[in-house]
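> Sharing a structure here in structure tokens format.
The values are calculated or read from the model by the stated rules, or taken from the named source; none is laboratory data. In this text, all values refer to a predicted model and were calculated from it rather than measured experimentally. Cβ placement follows ideal geometry from the backbone for every residue including glycine, while neighbour counts extend to all protein chains displayed. Areas reflect the complete protein model, heavy atoms only, side chains present, ligands, DNA and RNA absent. Shrake-Rupley method; radii C 1.70, N 1.55, O 1.52, S 1.80 Å.
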Amino acid sequence: MSRERVAVMIEHQAAACAQLGSPLYAFLLGRAARDVRAGGPCADAVAGYENTPGPDAIALRLLGGVHSAVLTGRAPELAAHYPSAGGVFDPDRPDGCWAAFRSTLADEMAWIRDWMTRPPQTNEVGRANLLIAGLLAAMRTTGPLPIRLFELGASAGLNLRADHFRCVSEGIAWGPVDSPVVLADAWRGAPPEWLVQAVARHPSLTIAERRGCDLAPIDPLSSGGELVLRAYVWPDQTARVVRLDGALRLAARIPARVDTVGAADFLAGLRLEPGTLTVVWHSIMRQYVPAAEWALAEGELDRLAAAATSQASFAHIAFEPSRVGEQYRCRLTVRLGAAAETVLAQARPHGLPAREIAAA
């Protein structure tokens, strides 16, 4: 793959960062694309990884490696520009930030090239906003059964503790009032009436089992695992940093298991249990699963859906991108038992805020 193609891929991610509210990363990636074309340190950092799957994989791996250097004290000059490390990014005077970024690449090339081998993992807590809404929608039919919660592509399993998060929006508040994770402004404008009613009926959940799967699970209680999670949060999005801080505190006191296995094999081991609601959920992970593997996973989901009864309920909840016209939108879908899938809402990839797109 040519340098020009790599530069275009980095520019694609720069545009996404600008759209998703990260002026720091939008600026740095714009300069990085120019540096790749010029054969600078950015070109050296990504050399050999040009064919990494995914249009944004090169850029996000590069950024994650540099951010990890900042967080571990290896790049104090750049830390002065990274809010996640107590610095300040001045978009009106960005040249100092770029100079420090480029110097960090040159000085820490071996460190950053090691990070280029790692697939980006963002265990995004904000997506729980949609997953919780989908679960509350399902419970309008099933009633307040104990929940067996299973997550595909769970990463560090932070969203397996979502019942301990607090969601707040106009006219509604759900979850423990003392939660260290607050998903503020959860909905754009007034939340849908079905959600208002579901929040009133189910102010809390009973989770009987928490388990997930991932091909490369992260231990959130280890120093290395915590660094990975922090490195892939965009450093100028401080609300995401605060949510991650809270989720890590919850992970330290609420057990959840994440198995090192693919989605299809994980689902093949699941069976429904009478007197419970079995929930399989996932968010922004399907695009990373090969088509053949996902076809097998869908077969297992169909098996579970067909087995559902009034005594042993099943719900499949997903927050995933899907093609809508010429664009992709991240949409919340819920399938209860063997019923047809319902599209309830959509949001940006990080999950906040959501907006209704169909009546539940």
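> Restrict the search to region 176-228; then list the trypsin sites (Lys or Arg not before Pro) that DSSP places in a loop and that have at most 16 other Cβ atoms within 10 Å of their Cβ. Mind dumping the intermediate values first?
On the way: sites: 188, 201, 210, 211; in loops: 188.
The qualifying sites are 188.
> Would you work out if the chain is rounded, prolate or oblate? Take a ≥ b ≥ c from the square roots of the eigenvalues of the alpha-carbon gyration tensor; rounded if a/c is under 1.5, else prolate when a/b is larger than b/c, oblate otherwise. Please list the in-between numbers first.
Values: a/c = 1.97, a/b = 1.73, b/c = 1.14.
Prolate is the answer for the chain, as a/c is 1.5 or above and a/b outweighs b/c.
> Tell me the per residue accessible area of region 101-157 using a 1.4 Å probe; a whole number in Å² is fine. Can you show the working numbers first?
Details: 1690 Å² over 57 residues.
Dividing the accessible area of region 101-157 by its residue count gives 30 Å².
> Let me ask something else. If contacts are Cα pairs under 8 angstrom and at least 6 residues apart, what is the relative contact order of region 29-99 in percent? Walk me through the numbers on the way to the answer.
Numbers: 41 pairs, mean separation 10.7, N = 71.
Once normalised by length, the contact order is 15 percent.
> Along the three principal axes, how long is region 177-256 when you take its alpha carbons, biggest first, rounded to the nearest angstrom?
Computed over the Cα atoms, the extents are 42, 35, 27 Å.
> Roughly how many Å is it from the Cα centre of region 1-49 to that of region 241-260, as a whole number?
That distance is 32 Å.
> Then there's this: Provide the solvent-accessible area of residue 350, counting protein heavy atoms only and rolling a 1.4 Å probe, rounded to the nearest 10 Å².
It works out to around 30 Å².
> So how do 283, 322 rank on accessible area, 1.4 Å probe, biggest first, that is with the largest at the start? Please list the in-between numbers first.
Working: 283 15, 322 35 Å².
Largest accessible area first, the residues go 322, 283.
> How much accessible surface does residue 122 have with a 1.4 Å probe, in Å² rounded to 10?
Per-residue accessible area (residue 122): approximately 60 Å².
> OK, next. Filter the DSSP H helices in the chain by two things, a Kyte-Doolittle mean of at least -0.5 and an axial alpha-carbon span of 15 angstrom or more, and list the hits by number. Write down the numbers at each step before the final one.
Working: long enough: 3-19 (24 Å, 0.01); 23-37 (22 Å, 0.23); 57-71 (21 Å, 1.61); 95-107 (18 Å, 0.02); 128-142 (20 Å, 1.27); 238-253 (24 Å, 0.27); 291-307 (24 Å, 0.25).
What comes out of the filter, once short or polar helices are dropped, is 3-19, 23-37, 57-71, 95-107, 128-142, 238-253, 291-307.
> Take the alpha-carbon centre of region 152-225, take the same for region 341-356, and report the distance between them in whole Å.
If you average the Cα positions of each part, the centres end up 14 Å apart.
> Going through region 264-360, which trypsin sites (Lys or Arg not before Pro) have at most 14 other Cβ atoms within 10 Å and a DSSP loop state? Can you show the working numbers first?
Working: sites: 271, 286, 303, 323, 329, 331, 335, 355; in loops: 271.
Passing both the DSSP loop test and the Cβ count: 271.
> Could you give me D for region 265-360, from Stokes-Einstein at 4 °C and 1.567 mPa s, where the hydrodynamic radius is the Kirkwood radius over C-alpha pairs? Units µm² s⁻¹, please. Please report the intermediate quantities before stating the final value.
On the way: Rh = 14.4 Å.
Taking Rh from Cα pairs, D becomes 90 µm²/s.
> Quick check: at a probe of 1.4 Å, how many percent of the accessible area of the chain sits on carbon and sulfur atoms?
Values: 7850 of 15180 Å².
About 52 percent, which is the carbon plus sulfur part of the accessible surface.
> Mind ranking 4, 300, 226 by accessible surface for me, highest first, 1.4 Å probe?
Working: 4 90, 300 45, 226 65 Å².
Of 4, 300, 226, the descending order of accessible area is 4, 226, 300.
> Normalised by the residues of region 227-358, what does the relative contact order come to in percent, with Cα pairs under 8 Å and at least six apart? Intermediate results must be reported in sequence, preceding the final value.
Details: 166 pairs, mean separation 22.5, N = 132.
Relative contact order for region 227-358 comes out at 17 percent.
> So if I place +1 on the C-beta of Lys and Arg and -1 on the C-beta of Asp and Glu, and nothing else carries charge, what would the dipole magnitude of region 278-360 be about its Cα centre? I want it in debye, nearest 20.
Numbers: 8 positive and 8 negative charges, 54 e Å.
It works out to roughly 260 debye.
> As a test of reading the structure, rank 341, 273 by solvent-accessible area (1.4 Å probe, protein chains only), most first.
On the way: 341 115, 273 85 Å².
Most to least solvent-accessible, the answer reads 341, 273.
> Quick one: what do you get for region 2-108 if you divide its Cα Rg by 2.2 N^0.38 Å? Walk me through the numbers on the way to the answer.
Values: Rg = 12.8 Å, N = 107, 2.2 N^0.38 = 13.0 Å.
In units of the globular-protein estimate, region 2-108 measures up at 0.99.
> While we're here: Heavy atoms of the protein only, probe of 1.4 Å, neighbouring chains included. What is the accessible area of residue 88 in Å², nearest 10?
110
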